[in-house]
Amino acid sequence: MVSGKVEVSDTGGKGVSPTYSLRYFRESVPKYEIPAEGMPAQAAYQLVHDEMNLDGNAAFDLGSFTTTWMEPEAERLIMENLGKNFIDRFEYPQTAEIHQRIVNMLARLFNAPPGAAFCGTATAGSSEAIQLGLLAHKWTWKKKRAGRGPGQPNIVFGADAHVCWDKFARYFEVEPRIIPMEKDRFIIDAASVRTRIDENTIAVGAVMGTTFTGACEPVSEINDLLVRVREEKGWDIPIHVDAASAGFVLPFTDPGREWDFRLAQVRSINVSGHKFGLVYPGLGWLIFKDRSDLPGDLVFYVNYLGDTMPTYTLNFSRGSDMILAQYYNLLRLGRAGYRTVMDNCLANAGYLAGRLDGSGKFEVLGAPDLPIVTFRFKEDTRFTPFELAQKLRERGWMLPAYNLPDNAGDITVMRVVVRETFSRDMAENLFSDIMTVYNILDRTERERLEPTISPRRGHHTT
Ligand SMILES: *Cc1c(COP(=O)(O)O)cnc(C)c1O
């Protein structure tokens, strides 16, 4: 560049060509083999960016529990720390410190007894947290059994539990004793737990906020049962509470409710940071009530400032970004802020549930504790919720339809997870669109099957 004159290559210098004039936009994009040569950054960016438009819009993903929006300041923190590997505690001691602070905050949020030696870890999500929590209980069972010959461990949970519970049973070779649902019962109860436990039960699972209906299981009753069993038979069976959703809701909206470490047999709890913890995907938490609930053989040590630091995870390397984003939310919102956000979600969920119920077309399945609205058709229709879901897609809404687990498998429901960003305005629009689409499907089906009442009959007379 000389005397202020900008030189532009007449051969279309790569730095100055308009993006879409590049040849990469009239050629097929490499799909299944790494290309021999690369391409300019602007082209690679635009190609991937444009393909992402084919995905749904995350804001309209009503079925998803995971966070789709964070504040710009949180995003800035995430960007600033993208390159940090969380496991490198020697290099990033302050990230390790913040991780420990969050474990402390959550253990106290879940009412760990004063002075308790709780411990915990960040995980990829609740799935990893559940595998690790249950693995610890399996190990404890194994140690207790030592010297009494081999036994087949079992675990008791409901058919309404998340698939990661079945995964644990298969991967870690524990017999799953699954409590079926009934036509009018979509969670487990203490009576159905009682008939399935024995001395080889490594743990009972209780879900606070099932993915099927959002309902909470009666942890306190199950705890009473297991306390009695411990006294009468000497079986000390721990409860692992899957609080993937409720763990960041109930402590703020209903702190008096006892489902957590206040209950004697509750020894471990998982929660998803990336659900109502309000952090983007990639973060869960596992908290043990006491160090003795995590057998020492399962803990590995990494180097930390010349000292060693215990770790209990399935992965080694992982990002620090979401852990820091979680800390941001905890500082930024405080208990009062989380409570306000959750109260808004509950109010909007209540509004939507009320409108659906009042329409006469839908029956809302009760789950007032969490901002999750599950509903089914009230009347026999010739179209299914799956068709309603498909038609709503035309307006952009992604509203899942699915069947409940056995023995309620013939019930098809639809679910809206009311997240922070689902405003009253969105709820009104959604309800209006649901009714419009329902009525269109209803009318089309009736016209098809009963042509005599078709208003268009006149046009076809000869
Ligand atoms: C979401 C969820 C899981 C799985 O959690 P991830 O964080 O997605 O791994 C497990 N249990 C319940 C009740 C859930 O809602």
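How many residues are within 16 Å of the ligand (Cβ to nearest atom), assigned to a loop (DSSP other than H, G, I, E, B) and among the hydrophobic types (A, V, I, L, M, F, W, C) if we restrict to the stretch 176-210? The qualifying residues number 4. For residue 380, the criteria (1) surrounded by fewer than 17 Cβ atoms within 10 Å (Cβ to Cβ); (2) touching a residue at least 40 places away in the same chain (Cβ under 8 Å) hold in every case but one, which is (2). Return yes or no: is residue 236 more than 16 Å from the ligand (Cβ to nearest atom), assigned to a loop (DSSP other than H, G, I, E, B) and in contact with a helix residue (DSSP H, G or I) (Cβ under 9 Å, 6 or more places away or on another chain)? Taking the combined requirement at face value, the residue satisfies it. Per the conditions (1) in contact with a Ser or Thr (Cβ under 8 Å, 6 or more places away or on another chain); (2) of a type outside the set (A, V, I, L, M, F, W, C); (3) over 22 Å from residue 277 (Cβ atoms), the sole criterion not satisfied by residue 220 is (1). Going through (1) more than 23 Å from residue 177 (Cβ to Cβ); (2) not in a helix (DSSP H, G or I) one by one, residue 270 falls short only on (1).
Scanning for something under 17 Å from residue 87 (Cβ atoms) and within 13 Å of the ligand (Cβ to nearest atom), does the stretch 270-282 turn up at least one residue? Yes: one or more hits.
Residue 123 meets each of the listed conditions (1) surrounded by fewer than 20 Cβ atoms within 10 Å (Cβ to Cβ); (2) among the hydroxyl-bearing types (Ser, Thr, Tyr); (3) within 16 Å of the ligand (Cβ to nearest atom) apart from (1). Of all residues in the stretch 151-175, those satisfying the criterion of being more than 15 Å from the ligand (Cβ to nearest atom) and free of Cβ contacts under 8 Å to residues at least 24 places away in the same chain are 170, 173, 175. Considering 117, 44, 59, the condition of being free of Cβ contacts under 8 Å to residues at least 24 places away in the same chain and away from the ligand (no atom under 16 Å from the Cβ) is satisfied by 44 alone. Considering only residues in the stretch 133-150 that are in contact with a helix residue (DSSP H, G or I) (Cβ under 8 Å, 6 or more places away or on another chain) and within 16 Å of the ligand (Cβ to nearest atom), the one that is nearest to residue 314 (Cα to Cα) turns out to be 135.
Condition check ((1) within 30 Å of residue 335 (Cα to Cα); (2) part of a helix (DSSP H, G or I)) across all residues:
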| residue | (1), (2) |
| --- | --- |
| 96 | yes, yes |
| 99 | yes, yes |
| 103 | yes, yes |
| 108 | yes, yes |
| 138 | no, yes |
| 143 | no, yes |
| 156 | no, no |
| 161 | yes, no |
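Here residue 263 passes the criteria (1) in a loop (DSSP other than H, G, I, E, B); (2) within 16 Å of the ligand (Cβ to nearest atom); (3) under 20 Å from residue 129 (Cβ atoms); (4) among the aliphatic types (A, V, I, L, M) except the one numbered (2).
For the residues 195, 210, the requirement of being in the same structural domain as residue 143 (by TED's automatic domain parsing), within 19 Å of residue 133 (Cβ to Cβ) and modelled with pLDDT of 95 or more singles out 210. If only residues of the stretch 21-67 that are touching a strand residue (DSSP E or B) at 6+ places or on another chain (Cβ under 7 Å) and either in the same structural domain as residue 403 (by TED's automatic domain parsing) or assigned to a loop (DSSP other than H, G, I, E, B) (or both) are counted, the one that is farthest from residue 403 (Cα to Cα) is 56.
Using the structure shown, decide if residue 246 is on the phi < 0 side of the Ramachandran plot and within 13 Å of the ligand (Cβ to nearest atom). Give the steps one after another, and end with the answer.
Numbers: on the phi < 0 side of the Ramachandran plot: yes; within 13 Å of the ligand (Cβ to nearest atom): yes.
When the stated conditions are applied, residue 246 passes them.
Within the stretch 404-440, the set of residues being of a type in the set (D, E, K, R) and in a helix (DSSP H, G or I) comprises 424, 425, 428, 433. Applying the criterion of being within 19 Å of residue 105 (Cβ to Cβ) and open to solvent by 10 Å² or more (accessible area, probe 1.4 Å) to the residues of the stretch 283-292, the residue that is nearest to the ligand (Cβ to nearest atom) is 289. The single condition among (1) free of Cβ contacts under 8 Å to residues at least 40 places away in the same chain; (2) under 18 Å from residue 160 (Cα atoms) that residue 406 does not satisfy is (1). Each residue in the stretch 201-233 was checked for being among the hydrophobic types (A, V, I, L, M, F, W, C), open to solvent by 10 Å² or more (accessible area, probe 1.4 Å) and touching a Leu at 6+ places or on another chain (Cβ under 8 Å), and 3 of them qualify.
The values are calculated or read from the model by the stated rules, or taken from the named source; none is laboratory data. Bear in mind that the values here come from a model prediction, so they are computed numbers and not experimental data. Please note: Cβ atoms are built from the backbone with ideal geometry, for glycine as well, and neighbour counts cover all protein chains shown. Surface areas here come from the heavy atoms of the whole protein model, side chains and all, with no ligands, DNA or RNA. Shrake-Rupley method; radii C 1.70, N 1.55, O 1.52, S 1.80 Å.
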